[in-house]
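First up is the structure itself, then whatever we jot down about it.
The values are calculated or read from the model by the stated rules, or taken from the named source; none is laboratory data. Note that the coordinates shown come from a computational prediction; the quantities given were computed from them, not determined experimentally. Glycine also receives a Cβ, built like all others from the backbone with ideal geometry; neighbour counts cover every protein chain displayed.
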């Protein structure tokens with residue numbers, strides 16, 4: 001499965017091109033690094049382009065109407081699909097311009113039982129895409145950064161629209177969650193039947209996670225493997241710029257987790273970063289908390305309500321940590337969640 005190979009190659013490349021603080025960057029060919037990240041993005045876009053092509057071919061306007069959706073919804077998905085096709089062309093051209101070889105598409109399988117499953121999968125893919133691009137885009141330099149950053153902003157708009165179809169806030173958090181390439185591979189490999197390449201590295205173990213019926217209480221998790229019945233494992237929930245850690249048998253849904261939630265089962269209570277992601281036992285799985293009212297009250301102060309403490313509770317009741325107070329997701333300068341720039345630095 002070449003898609004998985006690309007993801008892990010990108011992860012290794014980003015690790016090599018990253019250093020602590022302001023130390024000089026090792027002598028790594030930046031063009032080669034750019035090509036790996038661009039092909040990573042192209043693999044994602046191939047998957048999404050195939051998804052919308054298959055879904056829209058199966059469900060016409062009447063199918064959407066019969067399922068209770070306005071015709072505008074299908075038109076919007078068609079536009080998202082067109083954007084995906086453009087992204088494939090733009091990324092392929094950029095890779096060719098760098099004297100690289102664009103990765104070819106794989107053979108895919110998607111959950112297309114009905115219009116609702118189509119929309120559910122679209123929502124999952126676009127939100128995952130935002131996290132994937134966010135995790136990788138800072139590994140680029142020069143014009144290639146602009147190419148991928150311009151795709152990232154569009155994907156965020158698409159994810160917001162799809163979130164809104166469930167009458168939820170399209171943008172539930174002030175910041176989004178970056179994912180490492182291997183974590184993205186875990187979420188997307190289920191859609192890949194075969195690729196014209198050999199599999200070299202496998203994703204993490206697939207995790208099934210289920211929200212409590214009323215949107216409050218504990219998340220249940222299950223996976224296959226020799227560690228599936230261990231009682232000493234931990235549950236880590238990543239949403240926005242936060243990570244909540246608790247014991248697996250008490251995987252409590254935080255009150256402010258009102259949108260997407262990435263669920264991990266780990267054998268450590270230390271929040272997962274790229275440096276210690278080998279401690280992931282299963283996951284991530286992606287959940288959407290649609291059971292709560294996602295209306296966000298106006299803040300009572302001018303202070304952004306993000307946690308400032310980096311302390312992890314030794315009692316392991318549910319503990320929430322702001323990602324920005326931790327070691328970068330992959331390394332200090334490449335894939336990280338940094339404070340948002342002031343308006344004067346944008347555009």
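Here are some conditions: (1) surrounded by 15 or more Cβ atoms within 10 Å (Cβ to Cβ); (2) at pLDDT below 90. Residue 206 meets all but one. Which one does it not meet?
(2)
Picking from 253, 187, 211, 237, which residue would you name as being more than 15 Å from residue 289 (Cβ to Cβ), in contact with a strand residue (DSSP E or B) (Cβ under 8 Å, 6 or more places away or on another chain) and either in contact (Cβ under 8 Å) with a residue 24 or more places away in the chain or assigned by TED's automatic domain parsing to the domain that holds residue 286 (or both)?
The match here is 187.
Looking at the stretch 169-183, which of its residues are surrounded by 24 or more Cβ atoms within 10 Å (Cβ to Cβ) and over 15 Å from residue 286 (Cβ atoms)?
181, the sole residue that qualifies.
For the subset of the stretch 151-168 comprising residues that are in contact with a helix residue (DSSP H, G or I) (Cβ under 7 Å, 6 or more places away or on another chain) and surrounded by fewer than 21 Cβ atoms within 10 Å (Cβ to Cβ), which member is nearest to residue 137 (Cα to Cα)?
Only one residue tops the list, namely 152.
Suppose the filter is more than 22 Å from residue 170 (Cβ to Cβ), in a helix (DSSP H, G or I) and modelled with pLDDT under 95; does residue 230 pass it?
no
Of all residues in the stretch 102-131, how many are without any contact (Cβ under 8 Å) to a residue 24 or more places away in the chain and part of a loop (DSSP other than H, G, I, E, B)?
2
Just to check your reading of the model, which residue among 240, 225 is on the phi > 0 side of the Ramachandran plot and surrounded by fewer than 20 Cβ atoms within 10 Å (Cβ to Cβ)?
Going through 240, 225 in turn, the sole match is 225.
Run residue 137 past the list (1) in a loop (DSSP other than H, G, I, E, B); (2) at negative phi and report the number of the one that doesn't hold.
Among (1) in a loop (DSSP other than H, G, I, E, B); (2) at negative phi, residue 137 violates only (1).
Residues that are in the same structural domain as residue 190 (by TED's automatic domain parsing), modelled with pLDDT of 95 or more and surrounded by 16 or more Cβ atoms within 10 Å (Cβ to Cβ): which helices (runs of 4 or more DSSP H) entirely in the stretch 1-83 hold 3 or more of them?
Filter on the stretch 1-83 gives 30-58.
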